[in-house]
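One structure below.
The values are calculated or read from the model by the stated rules, or taken from the named source; none is laboratory data. None of the values given here were measured: they were computed from a predicted structure. Please note: Cβ atoms are built from the backbone with ideal geometry, for glycine as well, and neighbour counts cover all protein chains shown.
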Amino acid sequence: MNNLNTIGFWERYWVILPSVIKIMIRKATTFIELILGGLSILALCVYFYVAFSRIAYPFTIEWVESNTFLHVVRVLEGKPIYITPSYEFIPMIYTPFYYYVVAIFAKITGEIMFSMRLVSVISSLFTFTLIYTLCRLRQITPQLSIIAVGLFAASYAVTGFWFDVGRVDMLNLALLLMGYVLIIAPVKRDITIGVIAGFVFFLSFATKQTAILAIPFLLFYLILTRRWMKALWLITSFALSCGLFVIFMNTSSQGWFWTYIYKIPSAHPISFGMVTHDFWVSYIFPTYPWVIIVVILAVIVMLILHDKLGAFYHGVFFLTFFLPLSIMSITSMAKQWGYINGLLPIAVAFSIITVEAYQMAANAMISSRNSTWNVKVLYYLISFSIISQFIGLRYDFRTQIPTQASLSAGKRIISILRVSKSPIFVPTSPYLLYMAGQQTHFQVSSLGDLSLAANNNPALLELLKNNLDRINEYILSNSIKTAILPNANWYDGVFSIESGYECESLVNDYPPLITLTGAKSYLDRICRYYGETTQ
């Protein structure tokens, strides 16, 4: 009797055991997702803490913010942006939508620098929301969609702490992802959605030109999925909006708009080593090693499962989403003077494909039919890799919060500018002249863009030579009475004793006004003109 009872027990045990194992696996996945969710929330909280700690900081946290500031000033003053380059002003090589959006906020707040960062912070919020929405459209669970958002937020440091910087990038990215959501969303009103999506992509292009790279891939996706009308109205809306915009801007600027947004950037040299090798070896593999491992493991899972339909489904997504975003990043980084903020598009792509890979492995492990030991091992390897990637993206947020010493340094320099003899030249930070009530001038990064293009394109050299010569002649003419120079030797030969200038340090006895990200820059010395020497 006892033996019969024992046999009955073991029979029931072997029937129940698979269910028990499945429950344990589900709890294991829940536990892992809790860890990943906690890391995601932490990454978001740290970003917002930094962003709101410096959103109202009145001085630049990245040196080209100074140039953005000047563009917004021109919009507020009703002056055109795309004009003949002069000592007074040289435009940047981006399309202008961001400046006009910031100007709207600046009229409300009365603060230009605050409004620049406010637009970027709002754009980052939209970007987080749109990453979540894209994940849900990809049938990724809400928990994993939040983890995708967190993984992108954790990329704050490796993308140059750019989410809240007063530059065009985050608004461009938010509009780009909004367009993707409209295209991928399974809405039946193809004509209406196609028109809206085309206009949204146009706004992204009107913020930064790289958005145009997404259009061919999206048309391919819509044709592949037989959404003919949406494809037709997407390209019609986008082409019509862009065409009218370019014609209007170019006509009203006597052709300078096209020169700045196309001719000059296209004349900049491209590092083919960056395209073929350095982008991946120097930036992607060291920065996202665990994401690369996750993608490889996900491919192995698909091979084990013989999931041809899933492979096709993921392949289409790779071609239409990951590939164009990667090309945008490579394009930005391959240009001379490219910076790691160019990694923003590919960081978005990585955040989504990573959680897709995790969900595919988790579903395969939980499935009774596919829950083989090798799939389980791959699932835990993927989980470990994602946790490791979060850890690998950690950073010291304290380095990105402006100090009271920097604030005091900025106020001190403004007080110096107010009483200094004009004209005053502050090549890296002419926004300070506006804050001090003095006449502003071009920002040196724009002059560098023009000079680089002219040196590489004979037609541009012929077009720009007279303008560049007039700018340089003015700087060399001793008309400038005061110069506040950066910690670089760009103008050492101009503002020297031999030219009649006497310079003294701004930082020997006082802390510097230093930027926090990008090319580190601070105002190093002040030079005053006293007339020609006898040397």
Candidates Tyr491, Tyr529, Tyr501, Tyr474, filtered to the one that is surrounded by 14 or more Cβ atoms within 10 Å (Cβ to Cβ), in contact with a Pro (Cβ under 8 Å, 6 or more places away or on another chain) and of a type outside the set (A, V, I, L, M): Tyr491
Failed item, numbered, when Asn508 is tested on (1) out of contact with any strand residue (DSSP E or B) (no Cβ under 8 Å at 6 or more places or on another chain); (2) modelled with pLDDT under 90: (2)
Listing of helices (runs of 4 or more DSSP H) fully contained in the stretch 398-495 that carry 3 or more residues being in contact (Cβ under 8 Å) with a residue 12 or more places away in the chain and under 24 Å from Ile112 (Cα atoms): 404-419, 431-435, 444-456
Tally, over the stretch 51-79, of residues that are over 19 Å from Gly410 (Cβ atoms) and either touching a residue at least 24 places away in the same chain (Cβ under 8 Å) or assigned to a helix (DSSP H, G or I) (or both): 6
Condition met for Ser66 (outside the structural domain of Met435 (by TED's automatic domain parsing), modelled with pLDDT of 85 or more and of a type in the set (Ser, Thr, Tyr)): no
Exclusive hit being assigned by TED's automatic domain parsing to the domain that holds Tyr288 and outside any helix (DSSP H, G or I), set Ile122, Ile131, Ile140, Ile147: Ile140
Positions within the stretch 93-114 being of a type outside the set (Ser, Thr, Tyr), part of a loop (DSSP other than H, G, I, E, B) and in contact (Cβ under 8 Å) with a residue 12 or more places away in the chain, in sequence order: Ile93, Pro96, Glu111
In the stretch 382-396, residue farthest from Leu34 (Cα to Cα) [restricted to those that are over 23 Å from the mean Cα position of the chain (by Cα) and surrounded by fewer than 16 Cβ atoms within 10 Å (Cβ to Cβ)]: Ser388
Among residues of the stretch 245-295, those that are modelled with pLDDT of 90 or more and farther than 28 Å from Leu203 by Cβ, counted: 16
First in the stretch 80-92 and closer than 18 Å to Arg167 by Cβ, second anywhere and among the polar types (S, T, N, Q) and crowded, with 19+ Cβ neighbours inside 10 Å, Cβ under 6 Å, 6 or more apart: Ile90/Ser446; Met92/Asn67; Met92/Ser446
Count of the stretch 243-268 residues which are part of a loop (DSSP other than H, G, I, E, B) and more than 21 Å from the chain's Cα centre (by Cα): 3
Residues of the stretch 74-92 that turn out to be farther than 13 Å from Ser446 by Cα and of a type outside the set (Lys, Arg), as a count: 5
